[in-house]
Amino acid sequence: MRLTPLTDADLELILPWRNAPAVRRAMYSHHEISLAEHRAWFQRLQQDASRRWHLYHDAAGTPQGVVYVTDFDPEQSTAFWGFYARPEAPSGTGLRMELAALELAFSELGLYKLNCEVLANNAPVVNMHKKVGFTEEGRFREQHHDGTNRIDIVRLGLLASEWPEHRERLQARLAQLEQLAQQPTTNNQQPTTILILSDVNSWINPYLLDLQMDWQAQGHQVTWAHSINDAQTPNTQHPTTNNQQRTTNKQHPTTNLCFCLSFSQLVPAQFRAQFHHTLVVHESDLPQGKGWSPLTWQIVEGKQRIPVTLIEAADRVDSGAIYAQRWLQFQGHELIDELRAAQAQATHDLCRWFVDAYPYSAAQGRRQQGEETFYPRRGPADSRLDPEKAVAEQFELLRVVDNARYPAFFDWRGRRYTLSIHGQT
């Protein structure tokens, strides 16, 4: 892969990419750009030393996108950057463009720090930047008006001193995606379309980016949405409700799967009927521990060995057939970020297994047996500490608080105090 300076000869090539609806929605300027406007912009660009635009070429030499540097300040050794890919670019192009851009910034330009800004509603790109190593440094609240709504702008930054470690991880991740692309699928070579549903602000979203890329690298068609209303559903309806019949139905060669991962909306039967299977991951030994935040509740209870269970979505909450489990073993010192990382890895492994082993995986379903119990929804009040008790007595609660979203707090002498907890190795 390589970057070449953008030339006048490239303008007609990249204009349709820039005018693609998905790209325009992610930009500050949403209107469709004319060729004359495009050429005038390029002429101004030629006179501005603070901006550098490049065409990104993949390993085969095919142009796949645009990488640009703006606000380049040699004295301060800082800059901003951005990118967009052509609409038909293969899976993983965004990560490869990010690697090329960061190599340009830190190796060629010798920057001390690289910054970027992303519209807050462009969650996939925010998550990708964070996975690569960027740190969210703040938000400009309701800074951008898109013609209808006001949207936050997310500011992220990466230091040159941080880049070597992240570079190594990014290169390893790209090598992993290449390896996956070379492996044949194991589900009888059937094409698979997959829908991922998650809440828009869920902590798991950065981890789901890896899951989506893995599946895309294997040749599966994957879409991701944060609302049923926005979800792309299969064109073919599957009215048969028996899982075994649907698995072996030769009239529908495309397998359609839906994964609800950290998704709090009700998924009605009519919606589920469009898929061969609608899957949920729940962190308890079902039917014990149905309901909300099961891993958190169990940590607070003092449990260190906790199952993560893959089940079929059903009309009754967390009551569907169980397909597989992975058990997490904690040492008792892990805080929320470590707990979530382990939970996300188990979720990733279960979902990958179901798709890789399908339809064998679907045949492993078993009914839940035993007495069911339920956990209630957690709220900010559940992070309350008792100032009369020792820290050791309340350490399990401290392990599960989120310092940013629902920090630990206590009331004392007429005032409320919040606490942050951070682990050190």
| query | Expressed as a whole percent, how much of the Cα-Cα distance distribution for the range 190-374 exceeds 25 Å? | reply | 31 percent
| query | Any idea how far the Cα center of the range 258-281 sits from the one of the range 68-96, in Å? | reply | 36 Å
| What angle do you read, to the nearest 10 degrees and between 0 and 90, between the alpha-carbon axis of helix 123-132 and the longest principal axis of the chain? | 90 degrees
| note | Here, the chain modelled as identical Cα point scatterers in vacuum has Debye log10 I(q)/I(0) at q = 0.08, 0.10, 0.13 Å⁻¹ of -0.54, -0.83, -1.27
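Just order 261-273, 86-98 by mean Cβ neighbour count inside 10 Å, highest at the front, would you?
On the way: 261-273: 15.2, 86-98: 18.1.
Order by mean packing, descending: 86-98, 261-273.
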| message | How tilted is helix 205-217 with respect to the longest principal axis of the chain? Cα atoms for both, answer in degrees (0 to 90, nearest 10). | response | 70 degrees
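Among bridges DSSP assigns within the chain, what percent are antiparallel (round to 5)?
Values: 49 of 70 bridges.
Within the chain, antiparallel bridges account for around 70 percent of the total.
Taking the range 270-389 on its own, what percent of its Cα-Cα pair distances exceed 17 Å? Kindly include the intermediate steps, with their values, before the conclusion.
Numbers: 4273 of 7140 pairs.
Of all Cα-Cα pairs in the range 270-389, 60 percent lie more than 17 Å apart.
Evaluate the Kirkwood expression for the hydrodynamic radius of the range 2-170, namely the inverse of the mean inverse distance over all pairs of different C-alpha atoms, and round to one decimal in Å.
Numbers: mean 1/r = 0.0602 Å⁻¹.
Every distinct Cα pair counted, the radius reaches 16.6 Å.
Give me the count of lysine pairs in the chain whose alpha carbons sit under 23 angstrom apart, restricted to pairs 8 or more positions apart or on different chains. Don't skip to the answer; put the middle values down first.
Values: Lys113/Lys130; Lys113/Lys131; Lys290/Lys303; Lys303/Lys389.
Counting lysine pairs in the chain gives 4.
What Kirkwood radius, in Å to one decimal, follows from the Cα pairs of the range 379-419?
Working: mean 1/r = 0.0960 Å⁻¹.
After inverting the pairwise mean of 1/r, the radius is 10.4 Å.
About the Cα centre, and with charges only on the beta carbon of Lys, Arg (+1) and Asp, Glu (-1), how big is the dipole of the chain? Nearest 20 debye, please.
Numbers: 41 positive and 48 negative charges, 143 e Å.
That gives a dipole near 680 debye.
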| remark: In degrees rounded to 10, the 0-90 angle between helix 93-103 Cα long axis and the longest Cα principal axis of the chain is 60 degrees
| task | Can you tell me which of 144-151, 47-54 comes out highest on packing, and rank the rest after it, using the mean Cβ neighbours within 10 Å? | result | 47-54, 144-151
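A short reminder: the numbers here are calculations on the coordinates, not readings from a lab. All values derive from a computational prediction rather than experimental measurement. Cβ sites come from the backbone with ideal geometry, for glycine too, and all protein chains shown count toward neighbours.
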